[in-house]
Amino acid sequence: MTNHTNPFFAPFDTPHGTVPFDRIRPEHYEPAVHEGIRRQIAEIDTIISNPETPTFANTIEAYERSGRLLTTVNAVFGNLHSAETNDELEQLAQTLMPLLSEHYNNITLNEQLFARVRQVYEHTDKAQLTPEQQTLLEETYLSFVRNGAGLQGEARDRYRELCKGMSLLTLQFGEHCLKETNSYQLVLTDRAQLSGLPETITEAAAETAREKGLPEGQWVFTLQAPSYVPFMQHADNRDLRRELYMAYYTKCTHPDNGCSNLDIVKQIVNGHLELVRLLGYRNYADYVLKHRMAQASTHVYRLLDQLLEAYTPTAHREAAEVEAFAREEQGDDFTLMPWDWSYYAQKLKDRKYQLNDEMLRPYFELSRVKEGVFGLATRLYGITFRKNPDIPVYHKDVDAYEVYDKDGSFLAIFYADFHPRAGKRSGAWMTSYKGQWKDPATGENSRPHVSVVMNFSKPTQGKPALLTFSEVETFLHEFGHSLHGMFANTTYESLSGTNVYWDFVELPSQFMENYARQKEFLQTFARHYLTDEPIPDELVQRINDSANFNAAYACLRQVSFGLLDMAWYTRTEPFEGDVEQYEKQAWARAQVLPAVEGTCMSVQFSHIFTGGYSAGYYSYKWAEVLDADAFELFRQKGIFNTETATSFRENILSKGGTEHPMTLYKRFRGQEPSIDALLIRNGIKPEK
């Protein structure tokens, strides 16, 4: 049964079939999900009732094309649940997530469907298929096996039950993090407490206070990155830095406020373990890594150990230098604590390089940065961006662009959502509202609709949005992901764009970050927002001179997260201990500063408990190895070399997951990646 007042039940009559956000109401989601489920069940029934012998076309491709309505509804709901949520959507998620989990389990555990998939897998002459078809067949078969299709009886029932429970647990984990972040505010009423803070930051804090209805003469700091990070870097008041640090790192640890994730961490870890044990794996990491470039936890630990060995001596020298600097001011008995690190590291950086965020912000006005990033894509790939105000958006702060290829053909829709707000979770991410796919029968190439969502410094009453250098890097990072999505050019949606091995997905994004330090790129857009003067060569030189300031410390921080992730997911027995103490033991060998009792990262570590990086956080460092190695080729050929860029687009960005990532990488680079380029870039190893 369909209801034509529901926007999901008819083709979107918008530019390029974009989502009609202005017409979608919360009450539309549940009936659309039910209808999407009904339609996909009918499509699956058609496949399994087909009297013909199972073939790649009538089984694998037919299954690939099923569920389009449900995919659309899920994309819209899931993305808004992250970027523009409210109490109604939160409640709805509690209803829809278990429903969807059960539906997808019903497909995976459908014995008749799996029998057809297995027959095609076992009896098809792979040589008659294209490489992309071979990959789709392999991925389809493995997805069934890895999601319980081979289970019987009680094991099958338990698998269903666990999946349903896990979908709710991950939902609760994320909601608790968002609520804890939004509920905290540090209200300052004495101007003396603002000592050390740049005017840009105090103006933003005053603006936040006004938004919250507080009287003039008050300033509000929050746990959102644009507020938290500069406060920790610049606030002279050590007690206030400690207060904000403890608020941040004790999020979701308080059992009395209804937002504790301590028990949820245990349940998620143990649930993952029980699930994969049912599938015959020793632990969750073995299950995950079987389908990654790393392949096994031993290879992950080898990478983390290599990084520890290479970077630890330098990281300890960096920390000693910062502590010695702090003692010049505080005395010889001063112990550098985590809430002091950003503050004294920033001061030392200022002294060594005469460089800080506030010196750079005036050159990174958001609209100019957009021009620069878009212009880089034009220079490398020939694509252009045209803002279209007729495309509906889900919030007034969101901009929508049509993207055109170098031959003038339509390439993609690109949404940009830059600033924090109450309904948006913290962090930055790229996502998709519509994937790319081709219809061989009609020749249609259905183009993707992608989005980047960030939490950048907001404009204030007196100034436009002025970004930090780190925010410029973040923009380039997420934009790199979006290029991976926009350039997608595959037949099958499940293999297109960013649908690649998880430890390959960060290559396009981290690759783009390299441009942030390139003088030739910065000169294309970085101009003072008041005087229009270009960024001075001297400042660009200081950016590069300071590029490796505390790089080893930063590396060990990432390695510590990788070690924590692996500690949770290489377990072979259920966890019933103390989450905080387990965490401190897990990452101890990568820690440089003293541990702080009562703090806990795991309870807010969304990446590994809700975000798909479970047993996969190492991939950020693996992708750094790849991106340094890849950018080395651009350094050799020219950073704007269109021939190299075309090769990167054709061999990596457009191919999605159609072939093994190492095959794609070697086709672009001509060799396997080496860690040497990263060590040289970070100054750990001298250039040859």
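The values are calculated or read from the model by the stated rules, or taken from the named source; none is laboratory data. If you're wondering where the values come from, they're calculated on a predicted model, not measured in any experiment. Every residue, glycine as well, gets a Cβ built from its backbone with ideal geometry; the counts of neighbours run over all protein chains shown.
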Item to complete: Would you please name the residue that is nearest to Glu471 (Cα to Cα), looking only at residues in region 354-383 that are surrounded by fewer than 17 Cβ atoms within 10 Å (Cβ to Cβ) and at pLDDT 95 or above?
Response: Ser367
Worksheet item: Just a yes or no: is a residue in region 157-171 free of Cβ contacts under 8 Å to residues at least 12 places away in the same chain, among the charged types (D, E, K, R) and either more than 19 Å from Ser494 (Cβ to Cβ) or crowded, with 17+ Cβ neighbours inside 10 Å (or both)?
Response: yes
Item to complete: Please go through region 428-443 and pick out each residue that is among the charged types (D, E, K, R) and either closer than 27 Å to Glu471 by Cβ or at pLDDT 95 or above (or both).
Response: Lys434, Lys438
Discussion item. Looking at the structure I just gave you, is Ser432 crowded, with 21+ Cβ neighbours inside 10 Å and hydroxyl-bearing (Ser, Thr, Tyr)?
Written reply: yes
Worksheet item: hydroxyl-bearing (Ser, Thr, Tyr), surrounded by 14 or more Cβ atoms within 10 Å (Cβ to Cβ), at pLDDT 95 or above and assigned to a helix (DSSP H, G or I) - does that describe any residue in region 113-123?
Response: yes
Item to complete: Kindly indicate which of Val625, Val603, Val596, Val592 is at pLDDT 95 or above, among the aliphatic types (A, V, I, L, M) and either over 27 Å from His254 (Cα atoms) or touching a Cys at 6+ places or on another chain (Cβ under 9 Å) (or both).
Response: Val603
Fill in: Residues of region 84-95 classified as in contact with a Phe, Trp or Tyr (Cβ under 7 Å, 6 or more places away or on another chain) and assigned to a helix (DSSP H, G or I), total
1
Worksheet item: Yes or no: Glu624 part of a helix (DSSP H, G or I) and either within 18 Å of the chain's Cα centre (by Cα) or assigned by TED's automatic domain parsing to the domain that holds Ala428 (or both)?
Response: yes
Fill in: Exclusive hit being in contact (Cβ under 8 Å) with a residue 60 or more places away in the chain, charged (D, E, K, R) and touching a helix residue (DSSP H, G or I) at 6+ places or on another chain (Cβ under 9 Å), set Lys685, Lys637
Lys685
Worksheet item: Of the conditions (1) in contact (Cβ under 8 Å) with a residue 40 or more places away in the chain; (2) not in a helix (DSSP H, G or I), Pro51 fails just one. Which one is it?
Response: (1)
Item to complete: Quick one: in region 151-189, of everything that is assigned to a helix (DSSP H, G or I) and among the aliphatic types (A, V, I, L, M), which residue is farthest from the chain's Cα centre (by Cα)?
Response: Ala155
Item to complete: Select from region 290-300 the residues that are modelled with pLDDT of 95 or more and crowded, with 17+ Cβ neighbours inside 10 Å and list them in ascending order.
Response: Ser297, Val300
Discussion item. Suppose we filter Tyr501, Tyr492 for residues that are under 21 Å from Arg292 (Cα atoms) and surrounded by fewer than 22 Cβ atoms within 10 Å (Cβ to Cβ); which single one remains?
Written reply: Tyr501
Fill in: Index of the failed condition, Glu199 passing every other in (1) closer than 25 Å to Ala93 by Cα; (2) surrounded by fewer than 17 Cβ atoms within 10 Å (Cβ to Cβ)
(1)
Discussion item. Tell me yes or no: at least one residue of region 87-100 is free of Cβ contacts under 8 Å to residues at least 12 places away in the same chain and assigned by TED's automatic domain parsing to the domain that holds Thr59.
Written reply: yes
Worksheet, complete the sentence: Scanning region 532-584 for residues that are of a type in the set (Phe, Trp, Tyr) and part of a loop (DSSP other than H, G, I, E, B) gives Phe549, Phe575
Worksheet item: Taking the stated definitions as given, is Ala93 modelled with pLDDT of 95 or more and under 30 Å from Phe418 (Cα atoms)?
Response: no
Worksheet item: (1) of a type in the set (Val, Ile, Thr); (2) free of Cβ contacts under 8 Å to residues at least 60 places away in the same chain; (3) surrounded by 17 or more Cβ atoms within 10 Å (Cβ to Cβ); (4) out of contact with any His (no Cβ under 9 Å at 6 or more places or on another chain): which one isn't true of Val187, the others all being true?
Response: (3)
Worksheet item: Going through region 367-422 one residue at a time, which ones are among the charged types (D, E, K, R) and in a helix (DSSP H, G or I)?
Response: Arg368, Lys370, Glu371, Arg379
Item to complete: Might you let me know whether region 15-28 holds any residue that is part of a loop (DSSP other than H, G, I, E, B), within 19 Å of Gly78 (Cβ to Cβ), aliphatic (A, V, I, L, M) and under 28 Å from the mean Cα position of the chain (by Cα)?
Response: yes
Discussion item. Just the residues that are buried (at least 19 other Cβ atoms within 10 Å of the Cβ) and of a type in the set (A, V, I, L, M, F, W, C), please, taken from region 619-638.
Written reply: Trp622, Ala623, Val625, Leu626, Ala628, Ala630, Phe631, Phe634
Worksheet, complete the sentence: Checked region 311-333 for anything farther than 23 Å from Glu243 by Cβ and in a loop (DSSP other than H, G, I, E, B); matches are Asp332
Item to complete: From Leu308, Leu273, Leu336, grab the single residue that is touching a Leu at 6+ places or on another chain (Cβ under 8 Å), part of a helix (DSSP H, G or I) and not charged (D, E, K, R).
Response: Leu308
Response to the item:
Considering residues that are among the aromatic types (Phe, Trp, Tyr) and either in a helix (DSSP H, G or I) or free of Cβ contacts under 8 Å to residues at least 12 places away in the same chain (or both), the number found within region 190-234 is 2
Response to the item:
Only unsatisfied item for Ile535, checking (1) within 28 Å of the chain's Cα centre (by Cα); (2) among the hydrophobic types (A, V, I, L, M, F, W, C); (3) surrounded by 17 or more Cβ atoms within 10 Å (Cβ to Cβ), is (1)
Worksheet item: Checking Arg425 against (1) farther than 30 Å from Glu61 by Cα; (2) touching a Ser or Thr at 6+ places or on another chain (Cβ under 8 Å); (3) assigned to a loop (DSSP other than H, G, I, E, B); (4) at pLDDT 95 or above, which single condition isn't satisfied?
Response: (4)
